[in-house]
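Have a look at the structure below before the remarks.
The values are calculated or read from the model by the stated rules, or taken from the named source; none is laboratory data. All figures in this text were calculated on a predicted structure; none of them were measured in a lab. Using ideal geometry, Cβ is built from the backbone for each residue, glycine included, and neighbour counts are taken over all protein chains shown.
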Amino acid sequence: MRLIGGLLIIILLVLAGGIATGFIDLQKTQDGRLPEVAVKGGQLPKYNADVAKVEVGTRQETVDVPTVDVKKP
């Protein structure tokens, strides 16, 4: 596995060096285009969900807060 990876890296380096030095010249001879895709029909699945009713609001509330006394030792 390491041998195949090493050979692949060497081939890529030689190819990159050939392109960089001008030894290999790549020219685009034809424009590319995306394939045509046709999508027809289809349907999303249907779900019936019964959820709880949530009511949001405010109300006046009295809260008893304890008092704290700190004494120096």
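What the table below lists for this structure:
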item: For residue 60: the one exception among (1) surrounded by fewer than 10 Cβ atoms within 10 Å (Cβ to Cβ); (2) modelled with pLDDT under 90; result: (2)
item: Qualifying residue in segment 14-33 (condition: assigned to a helix (DSSP H, G or I) and either under 33 Å from the mean Cα position of the chain (by Cα) or touching a residue at least 24 places away in the same chain (Cβ under 8 Å) (or both)); result: yes
item: Lone qualifier among 5, 41 - being assigned to a helix (DSSP H, G or I), at pLDDT 85 or above and surrounded by fewer than 10 Cβ atoms within 10 Å (Cβ to Cβ); result: 5
